[in-house]
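A short worksheet on the structure shown next.
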Amino acid sequence: MNTPGSQPRRIKVGVVANEFFDPQAGGMGGFGWAARRVARLFSEQPGQGFEAVFLNRTLRPVPSGGLGLAGETPLFVCGGGRLSALRKVRVLGLDLLLMIDYRPSYRFFAAALPRTPIIVWVRDPRTPEDLRKVNTLRIPGAHGERPQGVLGVECTSLAGVVRGSRLLARPVLFATPAPSLAAKVPDTYGVKPPAVSFLPNIIDLDPGEVTKSERPSVVFLGRLDPIKRPWLFAELAGRFPGVDFLFLGHRHFEGEGTWRPAALPPNVRMLGHVEGAEKVRVLCSAWALINTSVHEGLAVSFLEALKCETPLISCQNTEGLASRFGVYVGRWDGDGLAALPHFAEALDRLLRDAAARTRLGREGRAWVSELHSPARFLDEFRLLCAGAGL
């Protein structure tokens, strides 16, 4: 109970994810990025009334009772016996579970806290049709090696969580940063929720006044794994020797079934994982962001590039962003090599039209600033919490 003059107790949010944007805590993918941004926002703005604890069932158990750290956020990994893990998670005092998309391992936390409200933040729903397209992926010159990182995940067990929650009158709400993804929820998770609310990404880059590089440069922002088809970016570089092609990211997978670049064109630079001011500098100086993925949800790289007034060239068009703030080259499955002439034509067009690049970049920045800001996230998250009875 709050006494007069005391601060209200913050809502304690268990952020359930399979990764936490940390090489030692599951990897550096989009789910981990989302989890870390939520936790950082709550930590940086404690007056907003939320605090985060990371929850995971599949990572290596942490000593000292299962509670460690990912970045600066407590990370609870439920290893060991089920009964012991149940007791430990219940003493965390969680008010809400925020599931970063859904994976079968998340069911443990739903069962451990059977009356705690759940928000499922739908980020990359993959329908059977999406999985079919992803499974066409091939790595050029890999001689039949199966690409790593493309196996589908069976997510329809979420339907059982929803049915059980209904019997206990536990609220389960669905939200997404991309309203167009709501149509994929039934086929991906086996659930037809009454509503899928908007819950934006947290894009907190502050680029200030943007200055583009004197020599043309374009960026690839993402993991250098097969599903992103980085070989297309490298092949494109060979067609534009007067343009700097910058890879921002590294590989999650190693060995057979990965992209193993040999001789790259001299205008290609591999910058590795880049964060903070250096990332903002590179994105602000770039003339375009090029996305070659065989599949995307709502790519965070799109939003970060647009916040830095950098237009898009992509074969993915979630929310119509590529066609609205750049060039959509059409969808190309398999190894994607047939798309290269279309990428080349799109890049040539943008390189020649400075006015279009400036207009698209500024319009994209205004759109991201309005819809995907920390303030907008907090507003929408509060509405969801209210809908969950908090």
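The values are calculated or read from the model by the stated rules, or taken from the named source; none is laboratory data. Fair warning: this is a prediction, and the values are worked out from it, not measured in the lab. Note: ideal-geometry Cβ built from the backbone for every residue, glycine included; neighbour counts use all protein chains shown. Surface accessibility is based on the protein's heavy atoms, side chains included, excluding ligands, DNA and RNA. Shrake-Rupley method; radii C 1.70, N 1.55, O 1.52, S 1.80 Å.
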Could you do me a favour and compute the accessible area per residue for segment 326-390, 1.4 Å probe, result in Å²?
-> 47
Rounded to the nearest Å, what's the spacing between the alpha carbon centres of segment 147-196 and segment 350-369? Just the number, please.
-> 35
Computed from these coordinates, which is Cα extents along the principal axes in Å: [x] 65, 51, 41; [y] 55, 50, 48; [z] 58, 48, 40?
-> [x]
To the nearest 20 debye, what is the magnitude of the charge dipole of the chain about its Cα centre, counting +1 on the Cβ of each Lys and Arg and -1 on the Cβ of each Asp and Glu?
-> 1140
Heavy-atom accessible area per residue of segment 117-176, all protein chains kept, 1.4 Å probe, expressed in Å², is 46
Between segment 201-254 and segment 282-332, what's the alpha-carbon centroid distance in Å?
-> 11
In the chain, what % of DSSP beta bridges are antiparallel (nearest 5)?
-> 10
Proximal aspartates and glutamates relative to Lys133, as straight alpha-carbon distance under 14 Å, when same-chain residues fewer than 8 apart are discounted | Glu296, Asp333, Asp335
Solvent-accessible ranking of Lys307, Lys88, largest area first, probe 1.4 Å = Lys88, Lys307
Among Val300, Val243, Tyr328, which residue has its Cα positioned farthest towards the positive end of the charge dipole of the chain, with +1 placed on the Cβ of Lys and Arg, -1 on the Cβ of Asp and Glu, and the dipole taken about the Cα centre?
-> Val300
Could you please state how large a percent of the accessible area of the chain is carbon and sulfur, counting protein chains only and using a 1.4 Å probe?
-> 52
Between Glu154 and Lys133, take the C-beta separation as r, use R0 = 22 Å, and let me know the FRET efficiency to the nearest 0.05.
-> 0.80
Ordering of 108-114, 177-183 by packing [mean C-beta count within 10 Å, highest first] = 108-114, 177-183
Out-of-range pairs (alpha-carbon distance over 22 Å; input Lys212/Lys307; Lys192/Lys228; Lys88/Lys192; Lys12/Lys184) | Lys192/Lys228; Lys88/Lys192; Lys12/Lys184
